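Visitor: Submitted below is the structure of interest, expressed as structure tokens.
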Amino acid sequence: MKVAIKYCGSCNPHIDLGRLGRHLAALAQGNVTSVNPGDDIDAIIILNGCRTACADRDEVRCLARHAVVVAGTSVNGLEVAEADLAQAAARAVQDAPCQRRVECQR
């Protein structure tokens, strides 16, 4: 499964996005590869440092078949302890990724 990670601009972070990204990569156990625009991506994890979720945009969601949104201490709108965010996001990718909000042109 190809999973991409999109980071927000981190202008008002309530969580440590770098630490969260490294934890997600560790959960992937070295199965992390770079993706390029136009690649066939199964899921995208959109990491937002706060609840504003500025990186959660339709054009970002359209990069992959499914999207998982981390916004501060929530994953797909459900509150999660900060220490459990990476596990919750990884589980959301595998179990029940949220659907796109819009129809994407491919």
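Visitor: Given the residues Asp42, Asp16, which is the only one that is at pLDDT 90 or above and closer than 18 Å to Val68 by Cα?
Guide: The match here is Asp16.
Visitor: Can Val60 be described as surrounded by 14 or more Cβ atoms within 10 Å (Cβ to Cβ) and closer than 16 Å to Gln94 by Cβ?
Guide: On the way: surrounded by 14 or more Cβ atoms within 10 Å (Cβ to Cβ): yes; closer than 16 Å to Gln94 by Cβ: no.
Considered against the rule, which asks whether it is surrounded by 14 or more Cβ atoms within 10 Å (Cβ to Cβ) and closer than 16 Å to Gln94 by Cβ, Val60 comes out as no.
Visitor: State the number of residues belonging to region 68-84 that are in contact with a helix residue (DSSP H, G or I) (Cβ under 6 Å, 6 or more places away or on another chain) and assigned to a helix (DSSP H, G or I).
Guide: 0
Visitor: Now for a separate question. Can you tell me how many residues within region 41-72 are out of contact with any strand residue (DSSP E or B) (no Cβ under 6 Å at 6 or more places or on another chain) and on the phi < 0 side of the Ramachandran plot?
Guide: 8
Visitor: Turning to a different aspect of this structure: Could you pull out the residue among Arg65, Arg51, Arg22 that is in a helix (DSSP H, G or I), of a type outside the set (A, V, I, L, M, F, W, C) and without any contact (Cβ under 8 Å) to a residue 60 or more places away in the chain?
Guide: Arg22 is the lone residue from the list that is in a helix (DSSP H, G or I), of a type outside the set (A, V, I, L, M, F, W, C) and without any contact (Cβ under 8 Å) to a residue 60 or more places away in the chain.
Visitor: If you check every pair at least six apart or on different chains, which have Cβ atoms under 8 Å apart with a residue in region 1-18 that is in a loop (DSSP other than H, G, I, E, B) first and a residue that is loosely packed, with under 15 Cβ neighbours inside 10 Å and of a type in the set (Lys, Arg) second?
Guide: From residues that are in a loop (DSSP other than H, G, I, E, B), the pairs are His14/Arg51.
The values are calculated or read from the model by the stated rules, or taken from the named source; none is laboratory data. Note that the coordinates shown come from a computational prediction; the quantities given were computed from them, not determined experimentally. Neighbour counts are summed over all protein chains in view; Cβ atoms, including those assigned to glycine, are modelled from backbone coordinates with ideal geometry.
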